[in-house]
Every structure is written in structure tokens, then in C-alpha cells.
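Peer 1: Please find one structure pasted underneath; my questions will follow.
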Amino acid sequence: MEEGKGRKIIMFPLPFVGHFNPMIQLARIFHHRGFSVTILHTSFNFPDPSHYPLFTFRTIPHNNAGGEDPMTQPDVSSMDLVAFIRLLRQTYAEPFRQSLAAEVGREKTVCCLVYDAVWVRNTEVAAEELGIRRMVLITQGVASFCAFAALPLLRDKNYLHIQASRLHELVTEVPPLKVKDLPVMETNEPEEFYLIATDMVKGANSSSGVICNTFEDLERLSLMDISSKSQVPIFPIGPFHKHNDNVLPTTKNIEDHVTTNWLNKQEPESVIYVSFGSLADIEEKELLKIAWGLRNSERPFLWVVRPGFVRGTEWLEALPSGFVENIGQKGKFVKWVNQLEVLAHSAVGAFWTHCGWNSTLESICEGVPMICTPCFTDQFVNARYIVDVWRIGIELERTKMDKKEIERVLRSIISKEGDGIREMCSELKERANVCLRKDGSSSKYLDKLVNYVMSFDSNALAS
Ligand code: UDP
């Protein structure tokens, strides 16, 4: 398709896997519609551009007069996530402004900037100075975005200082969330967290439009809620990774082949796939509970243990000696997998997940039931929807995790008790397929989005 021919979109992803992946998927969607895409990326976590030959990458240098990259100093990896994001926003504010100006000066065909909602303060002023329209990508679900939007109200009503006795109360302002599902996180900088979350919402409301990686049939009520409160157009065009232009043959490394070979040897729908995404970490004692729970369930499992996933350790050394050997072929420990391929494999029977939004959508698209152990922010909201609204998963609260409970939940999700869940999974998978057909809701919204972006004057702020 050629609609966008001759027009350039500049993208500014947040440099974390769960934010970068959907931005790249969106870039492919725009590229398929004829736009060219330049990606401005922080020097921190700079990707290998040879993996993304369709796009131009530019590095945004860090802003540190001393020359040393503040994002790679040794203490950064142990920082709390909120402090880390604060540092990112500070470090790249001015360099981003300069990079955007250089890009716009170089190219007269730039029609808009698409940026991750978390960057808002960095982008607003810079884009407006240059007369560039801003479109926001929210990489989380719309339900959790609505919960973020409700934070000022919830704070006024004292919900944010939660008493243990009220954790299971329904929050009537944001049903079906309970107090324990509110999108908060443990941090030394709670005010900064509040600022980031509320900034995201304000930034979206003052942008030219919001692009969401979701689909109408999945989050209809939340989409109605956000549309009724916001003056800007909303484009739910997801799931991004299932658009044709994103279904790519993947290059496999040796580990991927080994994983696939192992999966090929398992019974259909028998394997528990365990992954807590790219950011969450756990304590050693939690690793042990999970390990024993998996072993005692006697189900085959594939477990992603990222280096750094277990605080203070390199990889699996906190497991009792001989544990991995005793598991043998019954379980497989890996450092990273191609999750899309794993979830699509017929041997996978359940996904034990932290409920990050990408993982949630990817599981829905493959019809895989979930075991939900959310760790922070929007993951709590996603888990509530998975369990109580879509009914495609079982809750396994992190604070209540012990090896007996883990064993019980793992057995029940794979056995007959999981059957109602499996039917709902199949139904939702089908709905995800339907929304991407030519006359499906996401396809129609994508047409509207392309026409909308085409209506922007290049390098000029429309009135
Ligand atoms: N992922 C992957 N391999 C892994 C673990 C995760 O490819 O071993 C991908 C996963 O497919 C998803 C992303 O990393 O696209 C994680 O995003 P999500 O929003 O689920 O969680 P986050 O990492 O942001 O907490």
C-alpha cells in the first residue's frame, strides 16, 4: 500500500523490551502502509539496527557533561524502576530535543512523532517548538490506562495508602478492580511514580491522538471510558504482532532450536511455560518455591530465568545442588526464548506469567490459559481482567505463593478443571483473529489512523 508514500514518521520508544517491541511492530504497520520510519533511540539499550533493516535508526546521545553514560554506571541495574525512569527522562530530555530538531531539519517530509506515553514531558515541548504533531503509543492495556487516569481521585479517597485489611474490597470508582489490583509499585520514590503515571495521562490528553495495542472486543468498556473522558481520537488497532506485516519468519539461534526440539517431544497442551517478562525480579526464596512447586506438580515445564531475575545471583545457583539434574528432561531452564513461538507451540498448555501487557496479549492470541502472578503496576490490573472479566486464567498471588498452592494451581489449570477456561481462551483467540480481518474493528481503525496521519501537514502544526 502506498498511502503514506513520501511521508516520514519519527518514533521515540522507551528503551525496554516491553515498550520497544510494540513500537517496532507499529513501525512495521506504518511502513507497510507506505510511510518511512526513523527511530530515535537512547544510547542506553541501543538495539542492533541490522535486525530492523526497514527503518533508519538514530542514537540520542546521553546528556552528561563528564562524558560517562549515566545509564551504564554500576549502580543503575540495582536502582528501583521509578528512579531509573526518572533518570532516563532527565538524561535524555535535552538530547532528544536536539535530535528531533536535527531530524526535522534534515527531512522536510516528517508528518508526526509517535512516542511512548512515558516520555511525555520530554516530547511535548520539543514537538511543539518544531510544529510537529504528537501521537502517543500506550503500550499497556486500556483498562490499566483508565486506572492510571483515576489515580488523582483514588489518592483523594485515600486508596493509595492501602491497609492490609482492605485489600480485597472492590474499588467502586474503577470496577472490577479490588484495592490490591490498583496499579502501584514498591518504590522509594512514590511521588515520582504518581507524577510519571499522571503525566502519561495528561500527555495523552493533550496529544493529537492515542494509538493502543488492544482490540475493541477485548476492552470495549475501557475504550468507551477513555473516549468519553478524552477529547483526542483513540485508535485501538491491536494486537500489533498479529498484523500481516508483523508475522515474519524469525531467525533462530541454537538455543531456540534446542527449545523447539524439546517442545516437539512433549504431549499436546501439557507444558507449563513460565516467564515473568524482561523487568520483574524475585527473591531467592521465591525461586525455591516456584522450583519445588513446578517439580511437585509433575507437569513438564519450560522456565525462563533471565540472568538477574533472582536478586543477587547470576542464574540458577540458588537452586539446591542436583535439582536441575534431577528434573532431567521433565523441565527446561532457559535464559530467554522466542516467546511468540513458544506460545504458538501446540505442546504449551498454560502460561505462568507476570501479566505484562505484551505477554497477556500474546497469550490471548494463541488461546493459552494463564496463571497470573502480577508483580507491579498495570500487571495487577491485567491479572484482574484475565481472571474475572475474560475468565482465561487463575490467580496465584505472589504473596500467597507456597509450593503446595503452586502445585494445586498448576495441576488444576492443565487438568479438566481448566476446561471452562480453555473454552473462553478459544473464543477470545477467535475474536482477536476477527478484529484483524479486512472488515474487523482493528483494520477499520488502522484505515482511520492512516487517513488521520495523512491529513497532518508535513513539518507543520495543523490548527
Ligand atoms: N519475551 C521474549 N522472551 C522471553 C521473555 C519475554 O520474547 O524469554 C518478550 C515477550 O514476548 C514480550 C516482552 O518480552 O513481548 C515482554 O513484555 P511484557 O509487556 O509482557 O512484560 P515486561 O517485560 O514489559 O514486564
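The values are calculated or read from the model by the stated rules, or taken from the named source; none is laboratory data. Computed from a predicted model, the values in this text were never measured in an experiment. Cβ: placed from backbone, ideal geometry, glycine included. Neighbour counts: every protein chain shown. When the accessible area is computed, the model is the full protein with side chains, heavy atoms only, and any ligands, DNA or RNA have been set aside. Shrake-Rupley method; radii C 1.70, N 1.55, O 1.52, S 1.80 Å.
This table checks each residue for (1) at pLDDT 95 or above; (2) open to solvent by less than 40 Å² (accessible area, probe 1.4 Å); (3) not β-branched (Val, Ile, Thr).
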| position | (1), (2), (3) |
| --- | --- |
| LEU167 | no, no, yes |
| PRO175 | yes, no, yes |
| VAL184 | no, no, no |
| THR187 | no, yes, no |
| SER208 | yes, yes, yes |
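Peer 1: Now a separate question. Within region 236-254, is even one residue in a helix (DSSP H, G or I) and among the small types (Gly, Ala, Ser)? It would help to see each step written out before you state the result.
Peer 2: At the first step, the residues of region 236-254 found to be in a helix (DSSP H, G or I) are 240-242, 244-246, 254.
The next check asks that each one be among the small types (Gly, Ala, Ser); those that pass are none.
No, every residue in region 236-254 fails to be in a helix (DSSP H, G or I) and among the small types (Gly, Ala, Ser).
Peer 1: Among the residues of region 308-321, write down those that are open to solvent by less than 50 Å² (accessible area, probe 1.4 Å) and farther than 18 Å from VAL342 by Cβ. Walk me through how you get there before you give the answer.
Peer 2: Filtering region 308-321 down to residues open to solvent by less than 50 Å² (accessible area, probe 1.4 Å) leaves 308-310, 313, 316, 318-319.
Those that are open to solvent by less than 50 Å² (accessible area, probe 1.4 Å) and farther than 18 Å from VAL342 by Cβ: GLY308, VAL310, THR313, LEU316, ALA318, LEU319.
Peer 1: Quick one: how many residues across region 328-337 are open to solvent by 20 Å² or more (accessible area, probe 1.4 Å) and under 20 Å from GLU267 (Cα atoms)? Before you say what the answer is, go through the steps one by one.
Peer 2: Step one: filter region 328-337 for residues open to solvent by 20 Å² or more (accessible area, probe 1.4 Å), giving 328-330, 332-333, 335-336.
With under 20 Å from GLU267 (Cα atoms) added as a condition, the list becomes 328-330, 332-333.
Number satisfying all stated conditions: 5.
Peer 1: Next question, about the same structure. Out of all the residues in region 292-307, which are more than 18 Å from LYS265 (Cα to Cα) and surrounded by 16 or more Cβ atoms within 10 Å (Cβ to Cβ)? Write out each step before concluding.
Peer 2: Going residue by residue through region 292-307, those that are more than 18 Å from LYS265 (Cα to Cα) are 292-297, 304-307.
Once the filter is applied, which keeps residues that are more than 18 Å from LYS265 (Cα to Cα) and surrounded by 16 or more Cβ atoms within 10 Å (Cβ to Cβ), region 292-307 yields TRP292, GLY293, LEU294, ARG295, SER297, VAL304, VAL305, ARG306.
Peer 1: Still on this model: Testing GLU107 on (1) crowded, with 19+ Cβ neighbours inside 10 Å; (2) at pLDDT below 95, one condition comes back false. Which one is that?
Peer 2: The single condition GLU107 does not satisfy is (1).
Peer 1: Looking only at region 413-435, count every residue that is assigned to a helix (DSSP H, G or I), among the small types (Gly, Ala, Ser) and surrounded by fewer than 16 Cβ atoms within 10 Å (Cβ to Cβ) and tell me the total.
Peer 2: Our first condition is that a residue be assigned to a helix (DSSP H, G or I); within region 413-435, this holds for 413-414, 416-435.
If we keep only those that are among the small types (Gly, Ala, Ser) as well, we get 418, 420, 426, 432.
Within this subset, residues satisfying the condition of being surrounded by fewer than 16 Cβ atoms within 10 Å (Cβ to Cβ) are 420, 426.
Total meeting the criteria: 2.
Every residue, every condition in (1) surrounded by fewer than 19 Cβ atoms within 10 Å (Cβ to Cβ); (2) among the hydrophobic types (A, V, I, L, M, F, W, C); (3) within 19 Å of the chain's Cα centre (by Cα), yes or no:
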position	(1), (2), (3)
ASN244	yes, no, no
LEU248	yes, yes, no
VAL258	yes, yes, no
LEU263	no, yes, no
VAL271	no, yes, no
SER275	no, no, yes
GLU284	yes, no, no
ILE290	no, yes, no
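Peer 1: Within region 1-70, considering only strands (runs of 3 or more DSSP E) that don't extend past its boundaries, which have at least 1 residues that are in contact with a Gly (Cβ under 9 Å, 6 or more places away or on another chain)?
Peer 2: Values: elements: 8-12, 36-42, 56-60.
Passing ranges, in order: 36-42.
Peer 1: Right, next: Which one of these does ILE9 not meet: (1) at pLDDT 95 or above; (2) open to solvent by 60 Å² or more (accessible area, probe 1.4 Å); (3) closer than 20 Å to LYS448 by Cβ?
Peer 2: (2)
Peer 1: Failed condition for ASN253, given (1) more than 16 Å from the ligand (Cβ to nearest atom); (2) surrounded by fewer than 14 Cβ atoms within 10 Å (Cβ to Cβ), with all others met?
Peer 2: The single condition ASN253 does not satisfy is (1).
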